[in-house]
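Notes to accompany the following structure.
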Amino acid sequence: MKIIRQLLLLLPALLLSLLTLAQSKPVEMADTMRSNGRIYVVVAVALTIMAGLILYVFRLDRKISRLEKESN
């Protein structure tokens, strides 16, 4: 049941991504940032934020698991 629920949540996300890929109008802001070399700064900041969030969730999961073991 849990797998079916996850698949039902994943399906709209995949369809939404296909709709965004279907857009053929070029994005001027991305072209400008790419030509100036600033796109790498944006990518670096986004990756740093994502890495921080993943690290935070991982540490939080370990702490919760430890507390659950202690309470049993």
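The values are calculated or read from the model by the stated rules, or taken from the named source; none is laboratory data. Just so it is clear, the model here is predicted, and its values are computed rather than measured. Cβ coordinates were reconstructed from backbone atoms using ideal geometry, including for glycine residues, and neighbour counts include every protein chain displayed.
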Is it fair to say residue 12 is part of a helix (DSSP H, G or I) and loosely packed, with under 10 Cβ neighbours inside 10 Å? yes
Only residues that are polar (S, T, N, Q) and either within 21 Å of the chain's Cα centre (by Cα) or part of a loop (DSSP other than H, G, I, E, B) (or both): list them for segment 52-72, please. 72
Looking only at segment 17-51, count how many residues are exposed (fewer than 10 other Cβ atoms within 10 Å of the Cβ), part of a helix (DSSP H, G or I) and modelled with pLDDT under 80. 6
